[in-house]
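Just below is one structure, and these are the notes that go with it.
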Amino acid sequence: MSAMLELEDFRYSYGGVHAVKGISLQINEGEIVTLIGANGAGKSTTMRTICGLTEPQGVQGKIVYKGKEIQKLSGHKITAMGLSHVIEGRHIFSKLTVDENLEMGAYLRKDTKNIKADKEEMYRLFPRLLERKTSLGSNLSGGEQQMLAIARAMMNHPKMILLDEPSLGLAPIIVTEVFKAIKRLNEQEGITIFFVEQNSKIALNSAQRGYVMQTGEIVISGSCTDLSNNEAVRKAYLGE
Amino acid sequence: MLKFVTLFISATILGCTYGLISLSYSLIYKSSGMMAFVNPDLMTWGAFLGFTFYTLMGLPYPIAVLLTCVVMFCMGFAIQKGVVRNLIKRNVTPMYITLTMFAMGYILQNLSQLIFGSVPRKFDSIIPGLKIQLAGIQVQPEAIICVGVSLLIMALLQFFMNKTKLGTAMRAASMDPMAAESVGVDVSLISGLSWGLSTTVIAAAGILCGPIYSVSMVLGANLGAKAFAGAVLGGYGNMIGAIIGGLAMGFIETFVSGYISSDYKSLIAYIVLILFLFVKPTGIMNERAIQDV
Ligand SMILES: Nc1ncnc2c1ncn2[C@@H]1O[C@H](COP(=O)(O)OP(=O)(O)OP(=O)(O)O)[C@@H](O)[C@H]1O
Ligand SMILES: [Mg+2]
């Protein structure tokens, strides 16, 4: 197994506020890994910084993706390397249609003639989106927006996807649907997945391994089975 | 009837000029949420540059227009990279950015006075000797060119922003810069391009109306306020709205001057603006100006 993504003593501070205080982790090719933790633990900061979406001057330590250090690169360059991000809170282009949002997902691709087929594929994967094809992004329901955000990230043919709270604000039945889709991407398309999730139960059920983050540090890590059986994790995150 | 046609023609010229200026305000607003009050003075520069290339250097008019557009595109790009981006990086409040826009406008205005003097300059005739009759009225060929090219620019821009990949990326970057960056758009580059595009449009307005109105340091400043009103009237930030709003201001102003008195043209134009905004605060095209950013 080769490492797809590695963080080495990664830190991030917003001005004087230390949001992430030196974490190290490794995600291997083909894995599906989760990052859980309470509000404000620094999960989104970690995800965004990996993808080059925070101010670069706040970063310290190394972020290595496919053997290259990327902590100094801007977001669009990282996306071009096949690392896509589904941002917390969906961030759909509000005044573009569903179809245009998908096209924007393929912004960097040169093989324009395959884009149409890929859109069809996304519509097959998420039939709800097909029904709303010509609606503006802002007119979609939260669940539809989340599906669109995932589909949009897929349009770039990524090798790896980072998802920040894919279940945020979704009805339980939709959450199950979204996680089914995520697992399918991992199993069928071989995409490596790293996701943040508030719903620790579904996170530990869907992933193979997990990291637990607390106030800017990783406090526990291991296979999801071990984490689910861990006394501290059960108390703090599974509410048992 | 003759008077009506004459007024109609002048209104169309003025309206198209306003339309282009309004459009350039809208483009910047759409792409970065800013009020580009520097634009009218960039228009003056466009007109002076055009005058330099065409009348002083003797280049053919189409070449002069192209050169002016290229130079002004670079200028807009440089303003974004050199000034606007630095202000944003320092996290200044929008008020400071607006103030900087005005300051840059005055600097450009004074520079143009230093370089070209304060006597209004006249373009050489573009197609000497050509006389065009329109519904019994003699029309300058410059006027036809101004209206024709303005409309062409408006149509091309509409197509570019809505139907091309780059145009869509510009709109996407203004809606959600982080999401745009995450799908692979170089947002920093795109912001520079948007400014460049906006200054190109306004410079084109300058070089198109220059041959009709003659060029002085206050050319843009005199037209800028009404064009801004036109952009608001149309729904600030909406491109089609900007064109319609600009045209409307041109028509109101010209017809009030013609049938009532030119003393009342601004008075009535602004009263119409305010009354209209009472009835429809989102402008003709329903743009939610403030919530939209
Ligand atoms: N733009 C910012 N400027 C300053 N501080 C920030 C900024 N964004 C986040 N923070 C701070 O950094 C810390 C970590 O925030 P982050 O968003 O990474 O947490 P999180 O684990 O994703 O939380 P949640 O589960 O609520 O999404 C918090 O204390 C937050 O207040
Ligand atoms: Mg978060």
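The values are calculated or read from the model by the stated rules, or taken from the named source; none is laboratory data. Keep in mind that what you see is a predicted model, and the values were worked out from it rather than measured. Positions of Cβ are generated from backbone atoms using ideal geometry, with glycine treated the same way; all protein chains shown enter the neighbour counts. Ligands, DNA and RNA are stripped out before the accessible areas are found, and what is left, the full protein with its side chains, is counted by its heavy atoms. Shrake-Rupley method; radii C 1.70, N 1.55, O 1.52, S 1.80 Å.
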Within region A:8-47, tally of residues that are within 14 Å of another protein chain (Cβ to nearest Cβ) and away from ligand 2 (no atom under 16 Å from the Cβ): 1
Among the candidates A:Gly169, A:Gly143, residue that is among the small types (Gly, Ala, Ser) and away from ligand 2 (no atom under 16 Å from the Cβ): A:Gly143
Members of region A:115-136 that are open to solvent by 50 Å² or more (accessible area, probe 1.4 Å) and of a type in the set (Ser, Thr, Tyr): A:Thr134
Only listed residue being of a type in the set (Val, Ile, Thr), closer than 29 Å to A:Glu121 by Cα and within 16 Å of ligand 2 (Cβ to nearest atom), chosen from A:Val212, A:Val196: A:Val196
Some residue of region A:122-132 being more than 10 Å from chain B (Cβ to nearest Cβ), in contact with a strand residue (DSSP E or B) (Cβ under 6 Å, 6 or more places away or on another chain) and more than 19 Å from B:Thr168 (Cβ to Cβ): no
Some residue of region A:102-114 being more than 16 Å from ligand 1 (Cβ to nearest atom), open to solvent by 10 Å² or more (accessible area, probe 1.4 Å) and in contact with a Leu (Cβ under 9 Å, 6 or more places away or on another chain): yes
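Tell me which residues, restricted to region A:48-60, are buried (at least 16 other Cβ atoms within 10 Å of the Cβ) and more than 11 Å from every other protein chain (Cβ to nearest Cβ).
Across region A:48-60, the qualifying residues are A:Thr49, A:Ile50, A:Gly58, A:Val59.
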Qualifying residue in region A:43-63 (condition: more than 16 Å from ligand 1 (Cβ to nearest atom) and assigned to a loop (DSSP other than H, G, I, E, B)): no
Top-ranked residue in region A:16-37 [being more than 7 Å from ligand 1 (Cβ to nearest atom) and either free of Cβ contacts under 8 Å to residues at least 24 places away in the same chain or in a loop (DSSP other than H, G, I, E, B) (or both); ranked as surrounded by the fewest Cβ atoms within 10 Å (Cβ to Cβ)]: A:Gly16
Residue match in region A:160-173 (condition: away from ligand 1 (no atom under 16 Å from the Cβ), surrounded by 21 or more Cβ atoms within 10 Å (Cβ to Cβ) and not aromatic (Phe, Trp, Tyr)): yes
Listing of helices (runs of 4 or more DSSP H) fully contained in region A:129-214 that carry 3 or more residues being among the small types (Gly, Ala, Ser): A:142-154, A:200-206
Enumerated helices (runs of 4 or more DSSP H) restricted to region B:163-239, each holding at least 3 residues that are in contact (Cβ under 8 Å) with a residue 60 or more places away in the chain and under 30 Å from A:Lys110 (Cβ atoms): B:165-175, B:187-213
Candidate set from region A:64-99 (those that are in contact (Cβ under 8 Å) with a residue 12 or more places away in the chain and assigned to a strand (DSSP E or B)); member that is farthest from the other protein chains (Cβ to nearest Cβ): A:Val64
